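The values are calculated or read from the model by the stated rules, or taken from the named source; none is laboratory data. Since the model is a prediction, treat every value here as computed from it, not as a measurement. Heads up, the Cβs are rebuilt from the backbone with ideal geometry, glycines too, and the neighbour counts pull from every protein chain shown.
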């Protein structure tokens, strides 16, 4: 079967994160991606995980502890990521855009801060590194965020970046899609 | 690097074509895909290759002969494919939509016959089989064909098919994209 977007997102990430590498989970959420990234970087690597919601940070810390994994979990919006990331170069970053599954649906990522975060992380991205965004756009703010993100991504220099959209188009209810930005 | 659409198209095809399988090149063109498909099915399999242009058929026959490969090359529009295909079930089909590279650009695939061909081949497609379409839409008729194809694909039953769009979105000049239809 064709890989679904969550499985494919992980494939796109894993392909560019070496053991000992540096990766960023820009939206910790329930911590699944943070845990996955620690598996890619291994114990010698470094994973940063950002979220503005205490519940998300707690969930992520709990999940990591249970798995015996470590990451630097930061209670801050991802637009401030570069204030916290020590490494000169990052291998990959992941965003899950929308709201935290199972929580308050009024707290969502927002277009301005998402794009600020992206701009910052793209500067630090290694050549060949990728930022993978899972775009959930079923909610009202999600449609705005989707349109802003697509406009931002389409305008990225073809000389410097490849931007791939990976989307199932015959599903009902605004299914999420992936955007993959790779630095050339 | 992220695989380009031609490389990715072949990956999507190869994954579902077993040795001894049956595959269809709906647009023989210069024969590259026909030759690729014969490599997937192996000598025990069967490849059908359709084109309405004699030049395309000649190019394809020449390419196969040079490689010591065999396919059934048919000078006919792909909308008549089911008249020629003996097998009950096909594993995969590929379409390159647009005009034959290096030839008369006024001869292009057309929306009506493309969709007729698709409808026919989807009926014979095995469970788990795929039809992969590379959609070139830089020319005027190409835009119409693209819109018709997307409308057709988006309307395919989510219970019966997965339809994936694989598209680089920050390239100039209407770059081609892939549609992959997989039968569930």
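Residue-by-condition table, conditions (1) modelled with pLDDT of 95 or more; (2) surrounded by 17 or more Cβ atoms within 10 Å (Cβ to Cβ):
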{"site": "B:98", "(1), (2)": "no, yes"}
{"site": "B:106", "(1), (2)": "no, no"}
{"site": "B:111", "(1), (2)": "no, yes"}
{"site": "B:134", "(1), (2)": "yes, yes"}
{"site": "B:137", "(1), (2)": "no, yes"}
{"site": "B:168", "(1), (2)": "yes, yes"}
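Hey, among B:133, B:122, which residue is out of contact with any helix residue (DSSP H, G or I) (no Cβ under 6 Å at 6 or more places or on another chain), outside any helix (DSSP H, G or I) and under 19 Å from residue B:28 (Cα atoms)? Talk me through it step by step, then tell me what you get.
Working: B:122 fails: outside any helix (DSSP H, G or I).
Sole residue among the options that is out of contact with any helix residue (DSSP H, G or I) (no Cβ under 6 Å at 6 or more places or on another chain), outside any helix (DSSP H, G or I) and under 19 Å from residue B:28 (Cα atoms): B:133.
Residue B:161 - would you say it is touching a residue at least 40 places away in the same chain (Cβ under 8 Å) and within 10 Å of another protein chain (Cβ to nearest Cβ)?
Details: touching a residue at least 40 places away in the same chain (Cβ under 8 Å): no; within 10 Å of another protein chain (Cβ to nearest Cβ): yes.
It is false that residue B:161 is touching a residue at least 40 places away in the same chain (Cβ under 8 Å) and within 10 Å of another protein chain (Cβ to nearest Cβ).
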Inset, instruction - Please specify each residue of the stretch A:164-179 satisfying the condition of being touching a helix residue (DSSP H, G or I) at 6+ places or on another chain (Cβ under 7 Å), in contact (Cβ under 8 Å) with a residue 12 or more places away in the chain and facing chain B (nearest Cβ under 7 Å). - result: A:166
Inset, instruction - Name the single residue, out of those in the stretch B:136-158 being touching a residue at least 12 places away in the same chain (Cβ under 8 Å) and assigned to a loop (DSSP other than H, G, I, E, B), that is farthest from the other protein chains (Cβ to nearest Cβ). - result: B:139
Inset, instruction - Would you check if there is a residue in the stretch B:66-84 being over 15 Å from the mean Cα position of the chain (by Cα) and modelled with pLDDT under 95? - result: no
Inset, instruction - State whether one or more residues within the stretch B:83-92 are farther than 23 Å from residue B:34 by Cα and touching a residue at least 40 places away in the same chain (Cβ under 8 Å). - result: no
Legend entry - Residue list for the stretch B:170-184, restricted to those being more than 18 Å from residue B:10 (Cβ to Cβ) and crowded, with 19+ Cβ neighbours inside 10 Å: B:170
Legend entry - The lone exception for residue A:142 - which of (1) crowded, with 19+ Cβ neighbours inside 10 Å; (2) in contact with a helix residue (DSSP H, G or I) (Cβ under 9 Å, 6 or more places away or on another chain) it fails: (2)
Inset, instruction - Look at residue A:126 and say whether it is over 30 Å from residue B:147 (Cβ atoms) and within 14 Å of chain B (Cβ to nearest Cβ). - result: yes
Legend entry - Tally of residues being in contact (Cβ under 8 Å) with a residue 40 or more places away in the chain, on the phi < 0 side of the Ramachandran plot and more than 14 Å from every other protein chain (Cβ to nearest Cβ) across the stretch B:7-35: 12
